Amino acid sequence: MRDQYFRTKITELFDIKHPILCGGLMWLGNAEYAAAAVNAGGMGFMTAKTFPDPIQFRDELSKAWDLTSGKPFGVNLYQSMRPEENEVLNGHLKIALDSGVRYFETAGMPPTDFLPQLREANSTILHKVSTVRHAVSAARKLDIDAITIVGAECGGHPGLELVSSLVQAVTGPEQIEIPVVIGGGIGHGRQLAAILGMGAEGVLIGTRVLVAEEVWSHPEIKKQVVNAGAADSTLVMASFRNTSRVINNEYARTVQKLEQKGITDFDQYWPYVKGSNAYDAYTTGDWDKALLSMGQAATFANNVAPMQVIFDDLIDEAKYSVERMSSLTK
């Protein structure tokens with residue numbers, strides 16, 4: 001592990017060496033993933049919804065504690081716009097708190113219902129949004145500790161406004177008093193150095209670590225990410241105000257054709273967009289038969305490597321960038 005090079009409000013808030021957070025990845029955000037990020041010097045978030053069975057979730061938390069040798073890790077509580085999909089979270093939150101977890105990433109809907117329990121347990125809360133406007137509102141109205149703003153480049157849900165991370169890395173910290181984390185298209189250490197220089201306190205990465213050895217997805221899925229460039233993702237489901245950036249594959253193009261035809265019957269989309277498709281694809285390697293989240297940072301994910309190596313490269317690249325900037329000043 002590289003020695004600490006940056007000290008920011010995020011490294012202090014999460015008690016980590018590097019201002020690098022690995023956000024929740026649905027189906028992939030398990031104990032090995034979160035622990036690998038923690039052991040590499042950052043913070044990793046397991047996804048609660050990946051383990052709908054309470055016993056399985058409890059066991060996965062226990063496994064994560066073992067893998068980190070007791071170092072803290074995080075849990076992602078993503079709330080869908082479909083209320084029935086969120087019912088599992090209340091019970092899972094209690095399980096996580098009882099396990100000793102105190103770092104939480106919330107996303108989707110505002111975590112209003114969770115805040116009393118989280119605050120009573122002295123938890124650290126990082127909420128994720130896709131626009132500076134929403135970030136400003138959340139920072140003012142919600143009792144949270146930090147805010148993540150993801151730009152148009154991100155895999156998963158970049159929102160509707162599709163503003164670049166490069167822009168939001170400046171405008172976000174200018175308007176928000178609590179620590180700001182920037183995600184979306186981040187996969188190189190030069191970006192980390194630049195974003196810290198713009199005023200943010202850390203970065204959120206996801207696509208860059210899809211090729212981490214500790215991520216359990218099928219080798220064929222990782223191969224697609226390794227071979228992808230910045231232009232090999234595409235946007236779907238904007239017509240339902242639920243934009244997703246995914247691998248440009250057969251199912252993504254099928255969904256786009258339905259949208260182009262103006263079809264509003266969600267039942268016609270369901271066979272292509274249901275979440276279980278992604279789990280099946282990660283298991284079998286059939287990458288054409290699911291909407292698989294992937295951002296433009298795929299261009300930096302050039303090989304499969306241990307999480308520690310990915311983190312070390314990011315810090316080395318960031319250090320080079322800082323030193324280069326110093327050499328350019330009088």
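Given the criteria assigned by TED's automatic domain parsing to the domain that holds Leu160 and closer than 30 Å to Asp313 by Cα, does Glu60 qualify?
Criteria met by Glu60.
Which condition does Gln224 not pass, out of (1) touching a helix residue (DSSP H, G or I) at 6+ places or on another chain (Cβ under 9 Å); (2) of a type outside the set (Asp, Glu); (3) in a helix (DSSP H, G or I); (4) more than 24 Å from Ala40 (Cβ to Cβ), if it passes all the others?
(4)
Arg241 versus (1) at negative phi; (2) touching a residue at least 60 places away in the same chain (Cβ under 8 Å); (3) outside the structural domain of Thr131 (by TED's automatic domain parsing): which is the lone unmet condition?
Unmet condition: (1).
Has the stretch 153-169 got any residue that is on the phi > 0 side of the Ramachandran plot, modelled with pLDDT of 95 or more and either in contact with a Pro (Cβ under 8 Å, 6 or more places away or on another chain) or assigned by TED's automatic domain parsing to the domain that holds Thr234 (or both)?
Checked against the condition, which is being on the phi > 0 side of the Ramachandran plot, modelled with pLDDT of 95 or more and either in contact with a Pro (Cβ under 8 Å, 6 or more places away or on another chain) or assigned by TED's automatic domain parsing to the domain that holds Thr234 (or both), the stretch 153-169 yields no hits at all.
So, Met26, is that one closer than 18 Å to Gly156 by Cα, outside any loop (DSSP other than H, G, I, E, B) and in the same structural domain as Val209 (by TED's automatic domain parsing) or not?
No: the conditions fail for Met26.
Within the stretch 195-215, can you find the residues that are in contact with a helix residue (DSSP H, G or I) (Cβ under 7 Å, 6 or more places away or on another chain), not in a loop (DSSP other than H, G, I, E, B) and not β-branched (Val, Ile, Thr)?
Met198, Gly202, Arg208, Leu210, Ala212
When you scan the stretch 78-117, how many residues do you find that are of a type in the set (S, T, N, Q), at pLDDT 90 or above and assigned to a helix (DSSP H, G or I)?
So the count comes out to 3.
Restricting attention to the stretch 278-298, report how many residues are among the polar types (S, T, N, Q) and under 16 Å from Arg245 (Cβ atoms).
The qualifying residues number 2.
Residue by residue through the stretch 37-52, note down the ones that are among the small types (Gly, Ala, Ser) and either more than 13 Å from the chain's Cα centre (by Cα) or assigned to a loop (DSSP other than H, G, I, E, B) (or both).
Ala40, Gly41, Gly42, Ala48
State yes or no: is Asp15 among the acidic types (Asp, Glu), without any contact (Cβ under 8 Å) to a residue 40 or more places away in the chain and farther than 11 Å from Gly202 by Cα?
no
Tell me, yes or no, whether the stretch 118-136 has at least one residue that is in a loop (DSSP other than H, G, I, E, B), surrounded by fewer than 16 Cβ atoms within 10 Å (Cβ to Cβ) and either more than 19 Å from the chain's Cα centre (by Cα) or touching a residue at least 24 places away in the same chain (Cβ under 8 Å) (or both).
Yes, that holds for at least one residue.
Would you mind stating whether Leu192 is assigned by TED's automatic domain parsing to the domain that holds Gly156, surrounded by 23 or more Cβ atoms within 10 Å (Cβ to Cβ), assigned to a helix (DSSP H, G or I) and out of contact with any strand residue (DSSP E or B) (no Cβ under 8 Å at 6 or more places or on another chain)?
no
The values are calculated or read from the model by the stated rules, or taken from the named source; none is laboratory data. Source: prediction; values computed, not measured. No Cβ is skipped: glycine too gets one built from the backbone with ideal geometry, and neighbour counts run over all protein chains shown.
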